[in-house]
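Structure first, then comments.
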Amino acid sequence: MSKEQQFKPHPLGRSFEPETFESGIYRFWEENGCFDAKDACIPGQDPFCIVIPPPNITGVLHMGHALTNTIQDILVRWRRMKGDNTLWLPGTDHAGIATQIQVEKALAQEGKNSSGQPLSRHDIGREAFVERTWKWKDEHGGKIKEQLRRMGSSLDWKRERFTMDDGLSAAVREVFVRLYDEGLIYRGERIINWCTRCQTALSDLEVVPRDRKGNFWHIVYKVVGDDGKTLRRPDGTEEQIVIATTRPETLLGDTAVAVHPDDGRYTHLHGKQLQLPLLGRLIPLIADAYVDKEFGSGALKVTPAHDFNDYEIGKRHGLPIVSAMGKDGRITSAGGPYSGLRFTVARERVLQDLKEGGLLVRSEDHQHKVGVCQRCESVVEPVVSKQWFVKIQPLAGPAIKAVQDGRIVFTPQSWEKVYFEWMTNIRDWCISRQLWWGHQIPAWYCGRCQDVAVARTAPGKCPKCGAPGAEMRQDEDVLDTWFSSGLWPFSTLGWPGKTQALKTFYPTSIMETGFDIIFFWVARMIMMGIHFMGEVPFKKVYLHAMVRDEKGEKMSKSRGNVIDPLVVIDKHGADPLRFTLSAMSGQGRDVKLSLERVEGYRAFCNKLWNAVKFFHLQYEAAGSPDEPREGAGTWLQHHRVELLEPDKWILSRLQTLVARVEKGLAGFELNDSAQALYEFTWHELCDWYIEFSKLQIKDGVEERKETVITLHHVIETLLRLLHPFMPFVTEELWQSLPWKKSARPGGLVTLMLQPFPSSNGKLIQQDAEKTVCAIRTVVDAVRNFRGENSIAPKNSFPVKYVCKSSAASVFVRAYGHMIRDLAGISELVQVEDGSAAASGDSVVPLTQPPVELRISIKGLVNAEEETKRICKEIERIQSDLKHVRGKLAKESFVAKAPAELVQKERQREQELAQKISELEQSARRLGKG
RNA sequence: GCGAGCGUAGCUCAGCGGCAGAGCACGCCCUUCACACGGGCGGGGUCACAGGUUCAAUCCCUGUCGCUCGCACCA
């Protein structure tokens, strides 16, 4: 190669530097409409649609987002390249409580109100607060969209939706009204979860149990007779029941004490009255099978207003409901002297008073679970309150059935069981929230007749009494955020309108999300989708693992172990991060992310980069030829028989790769695809084919032509295969290739719209694979000799060889020059079979191909060292032989195992034994010399 | 308590009936003209433990231990 050629600038930089091209490429795609789906498919085209799990507008991109968006983008880019009319629909969620908390915080920091308190939403009023929140959304809610762009997400931004935009709000009202009309939404007074900090009702799902250290207090409840006086036992002591509780302050709301009906200790007291400590109210002793005889004293205080189980007991026995715990976090007037006290203070006072009254028997430490608010972590209190509910059973039934009969398939399938369990035990869904940020409930109350009107728009007059609209007051509550997300797969496509997009893309193809929101989101979409569309919202649910840190801990700000995807992208690029995430997205539960892995895949990008750079050098050295008229792929297929063996081999391997990658993509085993791509690129293309190609290029004009065409074809195909995983670097490299076609009539040249490769059976050539395998075996054997003896690469040496078959002779004659150059052999000399090895020769016996190598160790390595190497080899083979012989020695194996296998083992036994004997001879000879 | 998942090389993970694999880390040799984000060679594992099924078990079954995660909680 002349100096000029060597320094001729080629289009690629010296190494992989993602920061130089990523943002430009994304802009190129977006500006050219590469992400756009068509409302209608062209004939013969399939639709493919994924709706993004809408990130909260409060959110900033974290590794969970990075993982889910990588997976989705891979699937989407793959299907798009396959030719599907592909829609990946972006959007964000208004995230009711989360957002309101953020804006309230901002407000509080802004100043103080007239009474010196930090500003609250109540100081500025609902309208102003909602307006501010919209403003906040405009300012902060866009951040994550830019971050998704940096990940390379090929989202159709023109179709972006927001759960509170006009269309989706209309969908929410439509659903609410219809469910109400069908009797599936009702308003009623029930026990619900109440967050005293957020001042709102919560659904069961929004309450998370947390381990708390607490106490178990044992309190005396005295039994009184009909005269109102304490009953006395025959021995004169007071008749009483000791009750254990973790929440003594709730006794203010007790309306009964319950025992098990079969509990002999209390049978005589059934129907008697007890005196409620401190307040003195009389409450009955009731018998209910819910009570566990073995636990505590076997008696349970019943507080229907503040405990879900007690509420049920109360309903069964017609007990009154006494709400002692107020929504404001203070004891109500029902608490007598304790009213107005905060719950924590009330607890102290109650305990103190009990103690003074001799009613507190003892207290024990007690570990128990306390429900806290998912958003603010403060203790959630069950209270009885008037709220809106969805009657869920009628919706759950069809949703269960859809998964049972396979219309929806979960991957990993084990999640189906989790889904079934929750769905069959589902309770009515409390959907009203006492917040300001969200969809206001479309219900209006008549100020005149008190009737409620549920409607899509504000009623002009009361439908019942005809009072004017001005007297109708809209319900102040808003809906649970998940109510609108539950409609996402169809509301985003234009429902309740009958749009073409809806027709084309519903049901969507795949729902890809985290398992932590199966109940919150997946289940509700299934219920709503089936109910309103008459069809499941998606056919497949793929639930990915949770991203954790390298130690397996959840990433969180407080732990300080958060790996920010944007920092990783800044440092290494989006492609290495994406490849890492896909390579680790096995079907387990956790993805333990380590930065070392990312660095490894960055090196992979660099390797790929340099492989392409290598192609450019060769291409230019070959005089920058034109692509064969019929195209490189077709040319290779036509000339497949006369190609050189390494060319045939790499083309053959490429077909296997295509099949493997496709299989992984189709089965949600992206890690398999990623691994296959990595192995092929590094260990087949770079380690071997490129090395072969260097030799071929030296050989002559024809060989060089074949090689350049093969190299171009393999690299071009590989870039297409890799593209869904690493979109940026593949596009950048692909653009640099000399032979490429426009994918569109308009002439837009982009890799992302090229067809995805399909496996070509004609290019699979087993013989070539065997030949190359044999070449590698010989080269590896010499390299092993060299490496084990620490012989420098520049120190080349002659090797003699003996062929044990005529085929082997032919083989070495044909490929000896490749073996020579790849193994760093100065001269490869054939020796007649049967001739004895020279005394200073070390023998390397091979079986496939049947060749014996003889290396004169003189001047290379001393006999002792080489003998050590041979002994190690002998030991290794001996352990194999022992294993094989052990198998063959068992009669049962020979008799019952497949004959083919037995035959194979016998052959192996022979080969191994022979190898050992040859190596032993060699070692003996060297020892003598 | 019920259910699920996981225990494989120092680390992170593949494999899931027929000789234990990868990446990183480690040791040795190489600044060979795509790549030191590199090349070559190597060391390293009773596949958690105990039984069982099988000619054959890391893989299938049962149990034990350890670690996660759901669900339900006994107040």
Restricting to DSSP loop positions (anything but H, G, I, E, B) with no more than 12 other Cβ atoms inside 10 Å of their own Cβ, which trypsin sites (Lys or Arg not before Pro) remain in the stretch A:74-131? none
What are the extents of the Cα atoms of the stretch A:308-461 along their three principal axes, listed from largest to smallest and rounded to whole Å? 65, 52, 35
Cα long-axis angle, helix A:863-889 against chain A (0 to 90 degrees, to the nearest 10): 60 degrees
Over all pairs of different Cα atoms in the stretch A:1-149, the reciprocal of the mean inverse distance gives a Kirkwood radius in Å of 19.7 Å
Whole-Hz couplings from phi, Karplus 6.51/-1.76/1.60, listed for the stretch A:666-677; x for Gly and Pro: 6, x, 6, 10, 5, 5, 5, 4, 4, 5, 4, 5
Dimensionless Rg over Rh [the stretch A:733-882; C-alpha; Kirkwood]: 1.19
Provide the descending list of Cα extents for the stretch A:766-833 along its principal axes, expressed in whole angstroms. 33, 29, 17
Amide H within-cut-off set for residue A:87, under 5 Å, with H built and near neighbours excluded: A:48, A:49, A:50
With bins of 5 Å, the percent of all Cα-Cα pairs of the stretch A:87-150 per bin from 0 is 4, 15, 24, 21, 14, 9, 7, 4, 2, 1, 0
Of all GluC sites (Glu not before Pro) in the stretch A:142-236, the ones in DSSP coil with at most 14 other Cβ atoms within 10 Å are A:182
Per residue of the stretch A:215-230, in order, report the coupling 6.51 cos²θ - 1.76 cosθ + 1.60 (Karplus, θ = phi - 60°) as ³J(HN,Hα) in whole Hz, putting x for Gly and Pro. 10, 10, 9, 9, 10, 8, 10, 8, 8, 10, x, 5, 7, x, 9, 4
Based on the alpha-carbon set only, what is the convex hull volume of the stretch A:646-745 divided per residue, in Å³? 110 Å³
Relative contact order %, the stretch A:826-929, counting alpha carbon pairs below 8 Å whose residues are six or more apart: 38 percent
Which aspartates and glutamates, if any, have their Cα less than 17 Å from the Cα of residue A:401, not counting same-chain residues under 8 positions apart? A:416, A:421, A:535
Roughly how compact is the stretch A:559-634, stated as its Cα Rg over 2.2 N^0.38 Å to two decimals? 1.63
Isotropically averaged projected area of the stretch A:717-788, using the convex hull of Cα atoms (one quarter of hull area), nm²: 7.9 nm²
Prolate/oblate/rounded label for the stretch A:73-207 (Cα gyration tensor, a/c 1.5): oblate
With every atom except the alpha carbons ignored, what do you get for Rg and Dmax of the stretch A:198-351, in angstroms? 16.0, 53
Would you list, by chain and number, the aspartates and glutamates whose Cα falls below 16 Å from the Cα of residue A:896, excluding same-chain residues fewer than 8 positions away? A:905
Calculate how large, on average over all directions, the projected area of the Cα convex hull of the stretch A:786-869 is; give the answer in nm² to one decimal. 5.4 nm²
Amide H contacts under 5 Å for residue A:409, restricted to residues at least 5 apart in sequence or on another chain and with H modeled in the peptide plane, are A:540, A:541
Over all alpha-carbon pairs in the stretch A:272-395, figure out the percentage whose distance exceeds 25 Å. 34 percent
Over the stretch A:237-277: Kirkwood hydrodynamic radius from C-alpha pairwise inverse distances, Å: 11.7 Å
Can you list which of the trypsin sites (Lys or Arg not before Pro) found in the stretch A:192-265 are DSSP loop residues with at most 13 other C-beta atoms within 10 Å? A:229, A:265
How big, on average over all directions, is the shadow cast by the Cα convex hull of the stretch A:361-449, in nm²? 12.3 nm²
Before anything else, pin down the relative contact order of the stretch A:281-399: Cα pairs under 8 Å, at least 6 apart, normalised by residue count, whole percent. 17 percent
For chain A, the Cα-Cα pair-distance distribution in 10 Å bins from 0, as whole percents, is 2, 9, 15, 16, 15, 13, 10, 8, 7, 4, 1, 0, 0
Quick check on the stretch A:405-564: what does the Kirkwood estimate of hydrodynamic radius come out to from the alpha carbon pairs, in Å? 18.9 Å
Just to check I understand the Karplus step: with θ = phi - 60° and J = 6.51 cos²θ - 1.76 cosθ + 1.60, what whole-Hz values come out for the stretch A:182-196, glycine and proline as x? 7, x, 9, 10, 9, 10, x, 8, 9, 7, 9, 8, 10, 8, 6
Relative contact order for chain A, counting Cα pairs under 8 Å that sit 6 or more residues apart, in percent: 12 percent
P(r) over all Cα-Cα pairs of the stretch A:683-722, 5 Å bins from 0 to the longest distance, whole percent per bin, short to long, reads 6, 25, 27, 25, 11, 5, 1
Sum of -39500 (n - 2.57) over DSSP H runs of 4+, divided by residues of chain A (222 nm, nearest 500): -13500 deg cm²/dmol
Skipping prolines and chain starts, which residues have an amide H placed within reach, meaning under 5 Å, of the one on residue A:256, given they are 5 or more residues away or on another chain? A:302
To the nearest 10 degrees, how steep is helix A:806-823 against the longest Cα principal axis of chain A, on a 0 to 90 scale? 70 degrees
Taking every pair of Cα atoms in the stretch A:179-277, average 1/r, invert it to obtain the Kirkwood radius, and report Rg/Rh to two decimals. 1.13
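Coordinate-derived values only; no laboratory data. What you see is a predicted model; the values in this text were computed from it and never measured. Note that each Cβ is placed from the backbone with ideal geometry, even for glycine, and that neighbours are counted across all protein chains shown.
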